[in-house]
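Here's the structure we're looking at; comments come further down.
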There are 2 protein chains.
Amino acid sequence: MLKKLFPGLEWMLTYKKHDLRGDLSAGLIVAIMLIPQGMAYAMLAGLPPVIGLYASTIPLIVYALFGSSRQLAVGPVAMVSLLVLTGVQGLAEPGSSEYISLVLLLALMVGVIQLVLGLLKLGFVTEFISHAVISGFTSAAAIVIGLSQLKHLLGINLPSTENVFELLYRAFLQINSMNFYTFLIGITSIIILIVMKKWIPKIPAPLVVVVYSTLLVYIFDLHEKGVSIIGEVPGGLPIVSLPAWSMEAISALMPIAITIAIIGFVESFAMAKVIATKEKYKVHANRELIGLGLANVSASTFSGYPVTGGFSRSAVNYGAGARTGLAAIITAILIILTLLFFTSWFYYMPTAVLAAIIMVAVYGLIDVKEAKHLFKIKRIDGATLLITFGATLTLGIETGIFLGIIFSLIVFIWRSANPHVAELGYVKEANVYRNIKRYPEAVEKENVSILRIDSPMYFANITKIEDMIQRKFLEQPSLHTVILDFSGVNDMDAVAIEHLNELFTTYESLGKNILLCDIKGPVRDVLKRAGWYEKYKGKIESHSIDEALATIKE
Amino acid sequence: MLKKLFPGLEWMLTYKKHDLRGDLSAGLIVAIMLIPQGMAYAMLAGLPPVIGLYASTIPLIVYALFGSSRQLAVGPVAMVSLLVLTGVQGLAEPGSSEYISLVLLLALMVGVIQLVLGLLKLGFVTEFISHAVISGFTSAAAIVIGLSQLKHLLGINLPSTENVFELLYRAFLQINSMNFYTFLIGITSIIILIVMKKWIPKIPAPLVVVVYSTLLVYIFDLHEKGVSIIGEVPGGLPIVSLPAWSMEAISALMPIAITIAIIGFVESFAMAKVIATKEKYKVHANRELIGLGLANVSASTFSGYPVTGGFSRSAVNYGAGARTGLAAIITAILIILTLLFFTSWFYYMPTAVLAAIIMVAVYGLIDVKEAKHLFKIKRIDGATLLITFGATLTLGIETGIFLGIIFSLIVFIWRSANPHVAELGYVKEANVYRNIKRYPEAVEKENVSILRIDSPMYFANITKIEDMIQRKFLEQPSLHTVILDFSGVNDMDAVAIEHLNELFTTYESLGKNILLCDIKGPVRDVLKRAGWYEKYKGKIESHSIDEALATIKE
């Protein structure tokens, strides 16, 4: 019981000494990665960098206690940061105190939504956002995020627009006013990050570029030559408070809160599942929602901003040997120590290096291989991915994911409203009945047509199925029997039963036969309740096509 | 080609003389029914009665030319009228000229939405609103509509609220201030309508009660004793004009416009299908959308309000012998003549008789039998109906249908995310493999487990299916083979393939076997593109369980 409330207890009570080494080193490495990333992502979200550090403290500990993944690295992530900026910049000037207090309220709302979804066990609802939509959205958002950092990388002023083409065009126009030192720091940082990741992945590259670029600025006084730096980062811990709220603010933030709550969870849960599968333990959607929800509520009370499980940091955490939630707790403690004692060290850190870190991090999220793969295996999944990608890139990230979901829903409805029905013939060699279109050797029985319905039967597709049966009888007037193979009918609703009932009566009066065979248990139950086993005795009990054929009296 | 544009041409070009008799008498009877109903429904929508007559002219002719049903009686209906009132009363005072111009704009929007859905061939999307939702919503809306007429029936003042309990309570408080004459007219009209419908259905009862009550008022000067009457109805035809519009008005009306466009179409199309099936011709969702869309656009330009095909009037039209769209055109002409010459006859018509006509009409829409039927056959469909009904009655009609759709969607996702998987054994008697839980005599083969998956396999349910397979191997360590019977797998996506692929590799390395059998053509195509027929040669080609069992080498 207590373990259900605090999934964290599980690893605490069974903690093994030999796990400590891995947890310690992973905790340290993630902290080193998270300090610059936290500040960078806060910047991306239109917030002062220190907010990113606040969000990297208590929420991590809360998740370690209440979440069900042991290796997920919770904290600020790029996608959620961009969503925060998109959703809140229309309501207040990014960086202003009004903006910050709206973001705190947003974090609270995200937390409460996730908590409620988890407590009501509604985690399964998020499964409706298909993989193709997520993949297309992630790739496009990565591009939007990467390009949003262009201004920091080049040291120019660019409007914060989600339209990437406009952004590129404006950047091109201003290329002359670029700050050379800024660009140099940015581009060398990017090269170092890529090279180190490839050749010496053991050494935390973000730390290296941060130290390198900070020293560069400090030694050569580059901040006096137009290189933008972080400047004063307030030391100490934030005061605990509940965010200010008003009904207007809540209703204005609601759409973005729902989006962040769901997208944040979906991305995070996907990563948690990958690691859990490898480590042979289980994560539960609803417990994850509760864990992330509480983490976000705590982020809100500790002056943080919405957090979730990050892809790359979790991978690093797991790769560095994290065994339990203790690694995350160690990370949080290290960041608290940083806040207490070392914030002055960030003064000369150039914003260009943070831009470089973001750009390299999100580049890894662009997944062309997946798009190709989907197109090869299932064209419609590929199309869904491409449409989501295109819409996100051109119409903005909220509209993009929304359109993607709508499109995949429409595809889904269309498919289930247009069921596949195969006409079967007997394949002697294998002693089975198969689609005559695919097996030219399949033999049909004279004046009997066997139709296999490959779909549940319900209100949305029953008319189509009805049509096909009627057409069969119309096309072939000598037909006396249609056998419906129900092996693919996994479900049936009351409307479908009504229609089929009418069909049975109509054709009975015309002296024609309709027989059902191979009906599954769940469908048999429904037909039993509708009284079919009395009404249509002898017509629907056959276990197989052979049995049904044997019942025909010629 | 031309016939596709004007489905009405079909009946015009092939018009047979002997159809004329039925069309004439149906056209006349529907006109007699429509004149009081049109005025009553306009009143329900918060509009002057004459608007209901305007809406019963040109739109009927337009539908007859462009719609695909020959017997559907288009015009004002109760449900849409209530939706108009609900959606617009928050924006302007019902009856005011501002209110009327908003309703005209609304009709235009409804028309354009239906037209666009039809032209883009998106009619199938409406199939996602399940029968249970529609049935629950219709019953509840009928109660709301019926009770909204209580004030006219009793001659008291009641606030226009959607909360039926509040309404009943307030009516109860004011029962003393009831106007006795009004109540007498109303209650006798209701009795006459019910009795005549039952015993002499051939005579149009609405005409009888209208004449009876109008004469009563006229002879006894009841309007001077507090009986509310229609009063002046402007004669002549409306001027043709486009409604005034602004972006704010459009965005404020959008939700209700979408609701009316879809609900109106769904109800109307259901009736059109019923009649077409009986008459052995076909109606097409997209052409119906175009027909109704154009009818609504014309309603907007001719000072009408949103129209759709009505249940009861269509039944009367069909029952009175309508053979083609000519019946509707005759109805429209008769109403135009009424507008030109006879509007003064309505002066003394009491509003109570219109209330009585509405109440009796909507009473027929309350469908308790359907609710019982659904509960018996499929509990979850019954629950959906009940939730939609309850929400519509207590939270208002827009919220009601919205919650109903959301609930049915959640049920749908939940079902498909929790697939039914049966473990099979051999039933000797019938020579088939069946669920061992339902067939205790079914025999399992030693160390082989046969699982039949009764669901398409895709991202939302693949983890659950994976779990079941893994659990089988964990529970029974001596198991060396799991055969997956794919006869119920109608579809598969790329994510499912990925997961299954991993499962294959994992268990292969553990010396265990997973075999697939009886895969359908569409799924075989997907697996072929994923390269499975090379990679898993000998493991997935079996046509039947027997064949798969034969391939096992012990």
Calculate the length of the line joining the C-alpha centroid of the range B:93-119 to that of the range A:246-305, in whole Å. 41 Å
Taking the chain alone as reference and the full protein assembly as comparison, with a 1.4 Å probe on protein heavy atoms only, the residues of the range B:504-529 that lose at least 30 Å² of accessible area are B:K520, B:P522, B:R524, B:R529
Dividing the alpha-carbon radius of gyration of the range B:2-410 by 2.2 N^0.38 Å (N being the number of residues), what value is obtained? 0.94
Could you check what % of the DSSP bridge pairs in the protein assembly as shown are antiparallel, to the nearest 5? 50 percent
Hull shadow area, averaged, the range A:431-474 [alpha-carbon convex hull, nm²]: 4.0 nm²
Compute the projected area of the convex hull of the Cα atoms of the range B:289-395, averaged over all viewing directions, and report it in nm² to one decimal place. 10.5 nm²
Quickly work out the A:N176-to-A:W199 label distance, labels modelled 7 Å from Cα along the C-beta direction, and quote it in nm with one decimal. 3.9 nm
Residue-normalised value, i.e. accessible area per residue, for the protein assembly as shown at 1.4 Å probe, in Å², stands at 43 Å²
Which cross-chain or sequence-distant (5 or more) residues have an amide H under 5 Å from the amide H of A:T481, H modelled 1.01 Å from N in plane? A:S449, A:N513
Probe radius 1.4 Å, ligands and nucleic acids ignored: give me the carbon and sulfur share of the accessible area of the protein assembly as shown as a rounded percent. 65 percent
Under the convention of a label 7 Å out along Cα→Cβ, give the distances in nm from A:K198 to the same position in every other copy, shortest first. 8.8
Near the axis that takes chain B to chain A, which B residue has its beta carbon closest, and at how many Å? B:S487, 2
Once amide H atoms are built 1.01 Å from N in the peptide plane, which residues 5 or more positions from B:D491, or in another chain, come under 5 Å H to H? B:M457
Pairs from A:K197/B:K512; A:K197/A:K273; A:K520/B:K376; A:K464/B:K520 whose Cα-Cα separation, in the structure shown, is over 30 Å: A:K197/B:K512
Could you give me the ³J(HN,Hα) list for the range A:505-520, computed from phi with Karplus coefficients 6.51, -1.76, 1.60 and θ = phi - 60°, whole Hz, x at Gly and Pro? 5, 4, 6, 4, 5, 8, x, 9, 10, 10, 10, 10, 8, 6, 7, 6
Leaving out ligands, DNA and RNA, calculate the buried accessible area for the pair B and A with a 1.4 Å probe, summed over both sides, in Å² to the nearest 100. 5200 Å²
Sites A:H18 and A:N418 - FRET efficiency at Förster radius 60 Å, r taken between beta-carbons, to 0.05: 0.55
Using amide H atoms built in the peptide plane, which far-off residues or other-chain residues are under 5 Å from B:Y281 H to H? none
Where the label is 7 Å out from Cα toward Cβ, how close does A:E547 come to the same position in every other copy, in nm, shortest first? 2.2
Could you tell me the calculated FRET efficiency between B:Q476 and A:D525, based on Cβ-Cβ distance and R0 = 41 angstrom, to the nearest 0.05? 0.90
Cα pair distances of the range A:421-550 binned at 5 Å [whole percent]: 2, 10, 21, 26, 22, 12, 6, 1, 0
Taking 0.36 nm per residue of separation and subtracting the Cα-Cα distance, what length does fully extending B:E10 through B:S97 add? 27.2 nm
Note on the range A:421-550, DSSP bridge orientation, antiparallel percent to nearest 5 equals 45 percent
For the range B:368-409, take N as its residue count and report Rg(C-alpha) divided by 2.2 N^0.38 Å. 1.11
Tell me, what is the 1.4 Å probe accessible area of B:Y218, in Å² to the nearest 10? 130 Å²
Dipole of the range B:2-410, Cα-centred, from +1 at each Lys and Arg C-beta and -1 at each Asp and Glu C-beta, to the nearest 20 debye? 1580 debye
Please list, in order along the range B:208-213, the HN-Hα scalar couplings obtained from phi with the Karplus expression 6.51 cos²θ - 1.76 cosθ + 1.60 (θ = phi - 60°), rounded to whole Hz, x for Gly and Pro. 4, 5, 5, 4, 4, 6
Need one word for the protein assembly as shown: rounded, prolate or oblate. Basis is the Cα gyration tensor (sqrt eigenvalues a ≥ b ≥ c); a/c below 1.5 gives rounded, then a/b vs b/c decides. oblate
Value of Rg/Rh across the range B:368-468 [Cα atoms, Kirkwood radius]: 1.17
Residues of the range B:448-468 buried by at least 40 Å² on assembly (accessible area, 1.4 Å probe, chain alone as reference): B:D454, B:F459
Counting only the heavy atoms of the protein chains, how much of A:E534 is accessible to a 1.4 Å probe, in Å² to the nearest 10? 140 Å²
Kindly write out, for the range B:34-44 in residue order, the coupling ³J(HN,Hα) from the Karplus curve 6.51 cos²θ - 1.76 cosθ + 1.60 (θ = phi - 60°), rounded to whole Hz, with x marking Gly and Pro. 6, 4, x, 4, x, 5, 5, 5, 4, 4, 4
Name the trypsin sites (Lys or Arg not before Pro) in the range A:195-232 that are in a loop by DSSP and that have at most 12 other C-beta atoms within 10 Å, would you? A:K202
Please express the Cα-Cα pair-distance distribution P(r) of the range B:1-60 as a list of whole percents, one per 5 Å bin, running from 0 to the bin with the greatest distance. 4, 16, 16, 17, 15, 14, 12, 6, 1
Show which aspartates and glutamates lie in cross-link reach of A:K278 when reach means a straight Cα distance below 12 angstrom and same-chain residues fewer than eight apart are skipped. B:E502
Please report the Cα spread of the range B:146-229 along all three principal axes, rounded to whole Å, starting with the longest. 39, 30, 17
Trypsin sites (Lys or Arg not before Pro) lying in DSSP loop within the range A:1-89, provided at most 12 other Cβ fall within 10 Å: A:K16
Determine the order of B:S408, A:S177 by accessible area, beginning with the largest, at a probe radius of 1.4 Å. A:S177, B:S408
For the range A:126-192 the translational diffusion coefficient, Stokes-Einstein from a Kirkwood Rh over Cα pairs at 10 °C and viscosity 1.306 mPa s, in µm²/s, is roughly 118 µm²/s
Rounded to 0.05, the calculated FRET efficiency for the beta carbons of B:V112 and B:I406 at R₀ = 30 Å is 0.70
Given the C-alpha centroids of the range B:61-90 and the range A:139-211, what is the distance between them in whole angstrom? 57 Å
Quick check: pseudo-label points 7 Å beyond the Cα along Cα→Cβ at B:L168 and A:K372, how many nm apart are they? 6.7 nm
Between B:E279 and the same site in the other copies, what are the distances in nm, shortest first, taking label points 7 Å from Cα along the C-beta direction? 6.8
Evaluate the distance, in nm, between pseudo-label points positioned 7 Å from the Cα of A:M254 and of B:T277 along their respective Cα→Cβ axes. 3.9 nm
Grab the Cα-Cα distance for B:F183 and B:W345, subtract it from 0.36 nm times how many residues apart they are, and report the gain in nm with one decimal. 56.1 nm
Cα long-axis angle, helix B:285-301 against chain B (0 to 90 degrees, to the nearest 10): 30 degrees
Filter the trypsin sites (Lys or Arg not before Pro) in the range B:422-458 down to the DSSP loop ones having no more than 10 other Cβ atoms within 10 Å, then list what survives. B:K428
What is the distance in Å between the Cα centres of the range A:19-56 and the range B:26-58? 69 Å
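The values are calculated or read from the model by the stated rules, or taken from the named source; none is laboratory data. This structure is a prediction, so every number in the text was calculated from the model and none was measured. Cβ sites come from the backbone with ideal geometry, for glycine too, and all protein chains shown count toward neighbours. Each accessible area value is taken on the protein alone, full model and side chains, heavy atoms only, with ligands, DNA and RNA left out. Shrake-Rupley method; radii C 1.70, N 1.55, O 1.52, S 1.80 Å.
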